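J.: Take this structure first; my questions come after.
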2 protein chains.
Amino acid sequence: MRILGIDPGLRRTGFGVIDVLGSRLQYVTSGTIIVPADQPLAQRLKVILDNIREVVQSTEPTVSALEKVFVNTNPASTLLLGQARGAAMCALADSDLDVYEYTALQVKKSVVGNGHAAKEQVQKMVQHLLALSGLPAADSADALACAICHAHFIPLTQRLKDTGQLKSSHSSRVRGGRLVG
Amino acid sequence: MRILGIDPGLRRTGFGVIDVLGSRLQYVTSGTIIVPADQPLAQRLKVILDNIREVVQSTEPTVSALEKVFVNTNPASTLLLGQARGAAMCALADSDLDVYEYTALQVKKSVVGNGHAAKEQVQKMVQHLLALSGLPAADSADALACAICHAHFIPLTQRLKDTGQLKSSHSSRVRGGRLVG
């Protein structure tokens with residue numbers, strides 16, 4: 001199973017792709033889509049749409065995960081974020097990917113173990129869990145954290161079956177089974 | 001010039017297409033995309049994306065117009081509307097259509113002559129301006145009103161030139177020139 005995590009935003013949209021290999025998580029790629037600020041709204045949304053589509057085409061994920069956004073106190077910002085989020089979800093749904101949503105609390109709890117962890121803690125734990133050589137940038141880290149969160153919500157038995165590590169649902173032969181996180 | 005007007009919403013998205021023939025406006029088609037409420041958000045956005053794309057493919061507009069939304073007092077509704085709007089704009093931008101935005105005040109002023117006109121007045125004026133046999137439904141009327149508003153913002157000289165009614169920018173021969181609205 002390959003998971004694409006997205007952290008949508010109208011200025012910067014982060015993406016991160018990981019593989020779930022039984023009980024192990026493996027980093028595939030991540031990055032940030034920088035959306036030009038000087039273009040009309042529709043063109044900015046198209047930049048998000050096109051770039052996520054490109055990530056999907058080049059990495060071929062089997063599923064995708066997004067953070068459920070907390071609603072901003074500024075209604076204009078909420079509307080802008082909603083539009084960016086709509087563009088991101090369109091790119092995913094248009095590629096026939098199922099889209100799972102997790103709250104920030106679920107993501108942080110899943111990655112750091114604390115639903116109220118600071119941004120830096122999320123970055124550090126993402127680096128640790130995916131054995132990255134350097135600290136990932138904030139947008140990439142949030143997107144990868146979302147993907148990791150989704151991986152943690154897949155039952156271990158399912159993950160082991162997917163990789164052939166678990167032979168059947170009635171078998172108790174689990175080789176190398178370890179619950180991550 | 002053929003204008004596609006869109007009135008985006010997560011439950012119902014209205015669309016309306018008109019032709020600008022010199023000084024005359026001609027109704028082409030209109031309708032409402034009913035978005036199933038029981039599906040996951042990404043699927044609902046895809047319904048908007050796919051249906052608007054279909055309208056674009058079948059009617060081949062040259063430009064599109066949307067109402068700039070007033071921000072709802074309920075932040076959750078604002079986020080949902082933003083996402084629906086994002087999906088609509090993606091469909092338009094993805095079809096290489098320029099997207100123009102007008103405030104509700106501009107649309108009402110342009111169609112009814114009064115920026116604070118009631119919904120019913122907009123419906124009646126849309127019916128009148130496009131010589132429709134019946135009153136258009138609210139969603140269609142809003143989308144058509146947006147398209148009419150855009151038509152009114154195109155300089156008359158441009159509209160006459162497009163249809164060959166005005167021979168050159170230096171010519172004063174205007175045949176059948178009448179400013180609509």
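J.: Note the distances from A:Pro155 to each other copy's matching label point, with points 7 Å along the Cα-to-beta-carbon direction, in nm, sorted shortest first.
T.: Taking the point 7 Å beyond Cα along Cα→Cβ, the inter-copy spacings are 6.9 nm.
J.: Could you rank the peptides B:118-127, B:3-12 by their average count of other C-beta atoms within 10 Å per residue, with the highest value first?
T.: Going by the mean number of other Cβ atoms within 10 Å, highest first, we get B:3-12, B:118-127.
J.: Now for a different question. Suppose a student asked you for the relative contact order of the stretch A:2-163, using Cα pairs under 8 Å spaced at least 6 residues apart; what percent would you report?
T.: Result for the stretch A:2-163 is 33 percent.
J.: Taking a label point 7 Å from Cα toward Cβ, how far is B:Gly113 from its twins in the other copies, in nm, shortest first?
T.: 7.3
J.: Sort all Cα-Cα distances of the stretch B:68-136 into consecutive 5 angstrom bins from zero, then give the percent of pairs in each bin up to the one containing the longest distance.
T.: Values per bin, smallest distances first: 3, 15, 16, 16, 19, 21, 8, 1.
J.: Points 7 angstrom from Cα along the Cβ direction at A:Thr73 and B:Ala76: gap in nanometres?
T.: So the label points at A:Thr73 and B:Ala76 sit 2.0 nm apart.
J.: I've got another one for you. Just the number, please: Stokes-Einstein D of the stretch B:2-163 in µm²/s, Kirkwood Rh from C-alpha pairs, 4 °C, 1.567 mPa s.
T.: It diffuses with D of about 82 µm²/s by this estimate.
J.: Further, regarding this structure: Peptide A:42-50: average number of partner chain Cβ atoms within 10 Å per residue?
T.: Counting other chains' Cβ atoms within 10 Å and averaging over A:42-50 gives 6.
J.: Another question, then. How far, in nm to one decimal, is B:Asn74 from itself in the other copies if the label point is set 7 angstrom along Cα toward Cβ? Shortest first, please.
T.: Here B:Asn74 shows inter-copy label distances of 2.5 nm.
J.: About the Cα centre of the stretch A:1-89, what is the dipole size in debye to 20, counting +1 per Lys and Arg Cβ and -1 per Asp and Glu Cβ, all else neutral?
T.: On the way: 9 positive and 7 negative charges, 28 e Å.
Value, rounded to 20: 140 debye.
J.: Let me ask you something else. Using only Cα atoms, figure out Rg for the protein assembly as shown and give it as a multiple of 2.2 N^0.38 Å. Numbers along the way, then the final one.
T.: Values: Rg = 24.5 Å, N = 362, 2.2 N^0.38 = 20.6 Å.
With N residues counted in the protein assembly as shown, Rg over 2.2 N^0.38 Å equals 1.19.
J.: Hey, which of these cross-link pairs are over 20 Å Cα-Cα: A:Lys109/B:Lys46; A:Lys68/A:Lys124; A:Lys68/B:Lys46?
T.: Checking Cα-Cα distances, A:Lys109/B:Lys46; A:Lys68/A:Lys124 exceed 20 Å.
J.: OK, next. When Cβ neighbours within 10 Å are restricted to other protein chains, what is their mean count per residue of peptide B:74-80? Mind showing how you got there, number by number?
T.: Working: counts 2, 10, 3, 4, 9, 13, 2.
Per residue, the average neighbour count from other chains is 6.
J.: Right, another one. So how much slack lies between A:Glu120 and A:Ser133, counting 0.36 nm per residue of separation and subtracting their Cα-Cα distance, in nm?
T.: Answer, rounded to one decimal: 3.1 nm.
Computed from the coordinates by the stated procedures, all read-outs in this text should not be read as laboratory data. Since the structure is predicted, the reported quantities are computational estimates derived from the model, not experimental observations. Methodologically, a virtual Cβ is constructed for each residue, glycine included, from the backbone with ideal geometry; neighbour enumeration extends over all protein chains shown.
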